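These notes concern the structure reproduced below.
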Amino acid sequence: MASGSSAAARRLLLLRHRRRHLVPNHHFSSSSADEVLDGGRVKIFDRDLKRRHRDRAAWAMRETDPLVDAVADNLLDRLEDCRKAFPSALCLGGSAGAVRRSLRGRGGIEKLTMMDMSVDMVNKWRELESATDDGPEMNFIVGDEEYLPMKENSQDLIMSCLGLHWTNDLPGAMIQVGVEA
């Protein structure tokens, strides 16, 4: 029995040794040079690649998507539980178009600003918005969720529908929108 367990241990060591040479060590380090952004923050997601994916998604996007519409509807249902009205709202990236379609006067939103890091996505939203005249006053901004181009306390409500999961610095984004992280 002892020789069997020592043989298994040798095989395990051999596999570990081979694996170490097959996969470069920097793939396991969170502090490698290609994963650190300016200011020492860790880069998990390639924001430029995300923007390019959003550009491509704008061209492939249908006017409605049942899954995204259901998520946006669920998000906006929560506004009905609030007694407060939110006259000015910002919707960060993700599925802001679905939020606009599902809004239907909820939350007392009179002015909705839709922001995405993709110019093509923002242009697509503008194009779809020009087809409808109902709903709140609309504004469109090209910007990054990690570096909000908004003045502090300029919005009554900030929401995101399927957009913040690509953010490298989520606590930093929450601080910018006024949430204590």
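Where a number appears in this text, it was derived from the coordinates with a stated rule and is not lab data. Quick caveat: nothing in here was measured; it's all calculated off a predicted structure. As a convention, Cβ positions derive from the backbone with ideal geometry for all residues, glycine included, and neighbour counts pool all protein chains shown.
Structure values in brief
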item	result
Entries in Lys124/Lys151; Lys50/Lys124; Lys111/Lys151 that, when Cα-Cα distance is taken, lie over 20 Å	Lys124/Lys151
Mean separation of Cα contacts under 8 Å (6+ apart) over length of the stretch 65-177, as relative contact order %	32
Linear extension gain, Lys43 paired with Ala57, 0.36 nm per residue minus alpha-carbon span	2.8 nm
Ordering of 114-125, 75-86, 145-156 by burial proxy (mean other Cβ atoms within 10 Å per residue, highest first)	114-125, 145-156, 75-86
Cα centroid separation - the stretch 60-85 against the stretch 99-126, whole Å	11
Environment charge of Val68, counting only residues whose C-beta is closer than 10 Å and scoring Lys/Arg +1, Asp/Glu -1	-1
